[in-house]
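Below is one structure, written out as structure tokens; the observations come after it.
The values are calculated or read from the model by the stated rules, or taken from the named source; none is laboratory data. Note that the coordinates shown come from a computational prediction; the quantities given were computed from them, not determined experimentally. Cβ sites come from the backbone with ideal geometry, for glycine too, and all protein chains shown count toward neighbours. Heavy atoms of the whole protein, side chains included, go into the accessibility calculation; ligands, DNA and RNA do not. Shrake-Rupley method; radii C 1.70, N 1.55, O 1.52, S 1.80 Å.
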Amino acid sequence: MTHKKSLRARLGAVVAAAATAACVATAVVPAAPAEAEPELTITFVRHAESAGNASGLVDTKTPGPALTELGRTQARQVAVLLEDRKFDGVFASRMIRTQQTAAPLARKLFKHPVVLPGIHEILAGDYEGTPERDAPTGYMLAPQRWLRGDLAARIPGAESGTEFKARFTDSIAAVVKTRKTNAVVFSHGATIMFGTILASTNGREYMARLGTDYMKNVGRVVLKGNPTDGWRITEWVGNPTLPNVPDCISTGSMMIDPSTLAPC
């Protein structure tokens, strides 16, 4: 009986010692701090002038019209303007005009543009082909309501704010998934303006820019942040000052850019 009590006492002491050690270990070893997510930069650039712009009519269908001669010059100009920003990824919408605008910069950076399916222009629906000058009282009526919180508002024959915001947000997530930390995304005027305002934590501060600094061809908006901490607008240039570029020269069979020997 004495032996059994002694054994139980020794076992109890071992268990107590182990429990004490575990408590001490728990108290002494601090929890590892959560690793902060890095800050990412995404620069959205509107495409250069397209034949649709030149016509003065709303044109949101895919693949859409190509760039005009002026637009091809603007694409080369914005490539020179932005080439020193050290982009590590080049993306474009599924429309021809954004891919053509992205091409000169992509060549300078030795990158191949990646097509993102969700950053095409806000669909015009029943307003397709109507004069752009009438957009504020037609095509853009629903998007204006999106900025006031009414994401259920729908462009007749097209998309709602909920649908637009989802595809724009999904596109940002797709860029993040590529592990690029400083990407440039060639998109469309309304998509860039409304998309970045809706996606950013400080978007309300930039709503007035829709009237004072509307996104012209090759204008840009820069987002910084990450999916955990959110995104904020850090730059909005609706009407950039573009550098001069050399005129294209004819080789007989095609026009080339004398500074890069690439097709104009």
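Numbers at a glance
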quantity	calculated
Charge dipole (debye, nearest 20) of region 63-118; +1 at Cβ of Lys and Arg, -1 at Cβ of Asp and Glu	60 debye
Residue-count net charge about Gly161 - beta-carbon cut-off 12 Å; Lys, Arg +1, Asp, Glu -1	+2
Accessible surface ranking that places the most exposed of Glu132, Glu69 first, with a 1.4 angstrom probe	Glu69, Glu132
20 Å Cα-Cα threshold exceeded, pairs from Lys165/Lys216; Lys61/Lys224; Lys177/Lys224; Lys111/Lys224; Lys108/Lys180; Lys180/Lys216	Lys165/Lys216; Lys61/Lys224; Lys111/Lys224; Lys180/Lys216
Computed accessible area, Met95, all protein chains, 1.4 angstrom probe, square angstrom	0 Å²
Region 116-161: C-alpha gyration tensor shape, a/c 1.5 cut-off, then a/b vs b/c	oblate
Gyration tensor (alpha-carbon) shape descriptor, region 35-174, a/c threshold 1.5	oblate
Dipole axis of the chain (+1 Lys, Arg; -1 Asp, Glu on Cβ), positive-most option in Pro258, Pro227, Thr130	Pro227
